[in-house]
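A.B. asks: Below are the structure tokens for one structure; questions will follow.
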Amino acid sequence: MRVIVLNNYFYLRGGSERVFHDEMAILEKKGHKVAAFCRAHPSDPEYPLSKFFPNDIQTQKLSNSLKGLKTVFNLFYSNEAKGGLSRLLDTWPADLAHAHNIYGRLTTSILDELARRNIPAVLTLHDYKLICPSYKLEYRGAICEECRGVKFHNAIKNRCHKGSLLASGIYSAESYFNHFRKSYTSKLTKLISPSKFLRNKFIEFGWEPSHIEVVPNFLDAKLCHPRFTKGDYFLYLGRLSAEKGIPTLLKAFSGLPEGARLVVAGTGPLEGELRSRYQNSRAITFIGYISGEKLKLTIQDALAVVIPSEWYENAPMSVLEAMAYGKPVIGADIGGIPEMVKEEETGFLFDPGNVQELQKKLARVAALSEREIRDIGHAARAFVEKNHSAELHYERLMAVYKMALTSRSN
């Protein structure tokens, strides 16, 4: 099978790009021909088909000028992306297309080109953008579903996108544009949801259940060498922002007995404020963004990984990664997290935003014996190997692809 995989970015910018590249790798390993189509970016590695990539869109300084209006239009519908895809498909014909994050960069123009060529297309949902202009179903650090019922104008009222009236207006208009054109409902054969929670949320917002298939994310556990011993510290890995629950975690941790330690790895809009507030704490250490070997060692030496999110997390790869390294996860009982974290089996759950309950779970894990930590770590590792393996993911993906190909023949 010849599969073209589409995403806004080619370089490893975040979790969706990681899934994008990992899926391409497993398809190639299974003997399929795979091509990528993305926006060009200075951080991109060498890629033979990048000559077809449209130029990146600069949105930092949108203005009322003609150039600014052109940029806004390109966020809605990019003829440049459509043309680039057309030229690529002229030289590299595809049997099926698998899209990831395409809104605001590649845009739904590429779905029109795929439909014109009668190439069936599926799309993996990495967030809530198709039902929420700001993609998070979150407003001022709290869950928000005001756009339910195609009421995207509420995103303008609340200035949901970065607090900007202009940006919120643009993304709200983009949502209406694609809704009325039926860009996603008529041009995509299937939506792929990495969690049951996200699928159910879309159905609550009016999407057809038969249009969405659940295909959980995967991880090659062989690349994660577990360390089941009881580590020295709790570990937070992620963006330092309100919706990620990091302020709640730091408040909870400040009340733990002396001797408990927390390592915070990541950057984000709250970094300066939080570093300043906790600069005198001997228990809390900020280490900034880490990757590669340092990330691996930091997880291996941890006691447990904490995921304190306060928004509808879809299926965070950080949970799977921690479990693959044999670490218990203390996770907020929200979004897709409880589909991976099983209470007192692979980790512990707490009510999101509840400082006291999180504090109790942190204290509970700190008091566990070496044997208890080891048992939970082994259970966590086994859960990933059984339910999130590359082989199982491939089988599930092929089932969706076959449904898409069948729909074309019908």
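A.B. asks: What fraction of the DSSP beta bridges in the chain is antiparallel, stated in percent and rounded to the nearest 5? Provide the component values of the computation, followed by the final result.
C.D. replies: Details: 2 of 41 bridges.
About 5 percent, rounded to the nearest 5.
A.B. asks: Continuing with the same structure: Let me test this: with uniform point scatterers at the alpha carbons of segment 105-177, what is the Debye-based log₁₀ I(q)/I(0) at q = 0.14, 0.15, 0.24 1/Å?
C.D. replies: -0.49, -0.55, -1.04
A.B. asks: Another question, if that's okay. With a ≥ b ≥ c taken as the square roots of the eigenvalues of the C-alpha gyration tensor of segment 231-358, please select rounded if a/c is under 1.5 and otherwise prolate if a/b is larger than b/c or oblate if it is not?
C.D. replies: In terms of gyration-tensor shape, rounded.
A.B. asks: Nearest 10 degrees is fine. How inclined is helix 66-76 to the longest principal axis of the chain, computing both from alpha carbons?
C.D. replies: Once rounded, one gets 80 degrees.
A.B. asks: Name the lysines eligible as straight-distance cross-link partners of residue 327: C-alpha to C-alpha under 24 Å, and not fewer than 8 places from it in the same chain.
C.D. replies: Straight-line reach from residue 327, under 24 Å: 196, 222, 230, 244, 251, 294, 296, 342, 360, 361, 386.
A.B. asks: For segment 230-292, state the average projected area of the convex hull of the C-alpha atoms over all orientations, rounded to one decimal in nm².
C.D. replies: Projected over every direction and averaged, the Cα hull of segment 230-292 covers 4.6 nm².
A.B. asks: As a test of the formula, what do you get for the chain when each DSSP H run with n ≥ 4 contributes -39,500 (n - 2.57) and the sum is divided by the residue count, at 222 nm and rounded to the nearest 500 deg cm²/dmol? Please list the in-between numbers first.
C.D. replies: Details: 15 runs with 164 residues, N = 410.
It comes out at -12000 deg cm²/dmol, rounded to the nearest 500.
A.B. asks: Also, I was wondering about something else. Give, as a single signed number, the net charge of other residues whose beta carbon lies under 14 Å from the beta carbon of residue 295, with Lys and Arg counted +1 and Asp and Glu -1. Spell out each step's value before the answer.
C.D. replies: Details: positive: 18, 227, 294, 296, 327; negative: 293, 301, 321.
With Lys, Arg at +1 and Asp, Glu at -1, the neighbours total +2.
A.B. asks: Quote the Stokes-Einstein diffusion coefficient, in whole µm² s⁻¹, for the chain, based on the Kirkwood radius over alpha carbon pairs, a temperature of 20 °C and a viscosity of 1.002 mPa s.
C.D. replies: Once the numbers are plugged in, D ends up at 96 µm²/s.
A.B. asks: Output the direction-averaged projected area (hull surface divided by four) of the convex hull of the alpha-carbon atoms of segment 1-117, in nm².
C.D. replies: Mean projected area for segment 1-117: 7.3 nm², to one decimal.
A.B. asks: Mind checking the angle between helix 15-29 and the chain's longest principal axis? C-alpha axes, 0 to 90 degrees, to the nearest 10.
C.D. replies: Rounded to the nearest ten degrees, it is 70.
A.B. asks: OK, next. Residues with beta-carbon under 14 Å from that of residue 177, excluding residue 177: net charge, scoring Lys, Arg +1 and Asp, Glu -1?
C.D. replies: Within the 14 Å Cβ shell, the charges total +2.
A.B. asks: Given axes a ≥ b ≥ c from the Cα gyration tensor, I'd like to know whether segment 62-148 is rounded (a/c under 1.5), prolate (a/b larger than b/c) or oblate. Don't skip to the end; give the middle numbers.
C.D. replies: Values: a/c = 3.37, a/b = 1.40, b/c = 2.40.
Verdict is oblate for segment 62-148.
A.B. asks: Rounded to the nearest 5, what is the percent of antiparallel bridges among the DSSP beta bridges in segment 93-215?
C.D. replies: Roughly 20 percent of the beta bridges in segment 93-215 run antiparallel, per DSSP.
A.B. asks: Now, a different point. Viscosity 1.306 mPa s, temperature 10 °C: what is the translational diffusion coefficient of segment 146-189 from Stokes-Einstein with a Kirkwood Rh over Cα pairs, rounded to a whole number of µm²/s?
C.D. replies: Result for D is 147 µm²/s.
Rule-based calculations on the coordinates, nothing more; no lab input. Nothing here was measured: the structure is a model prediction, and the numbers come from that model. Heads up, the Cβs are rebuilt from the backbone with ideal geometry, glycines too, and the neighbour counts pull from every protein chain shown.
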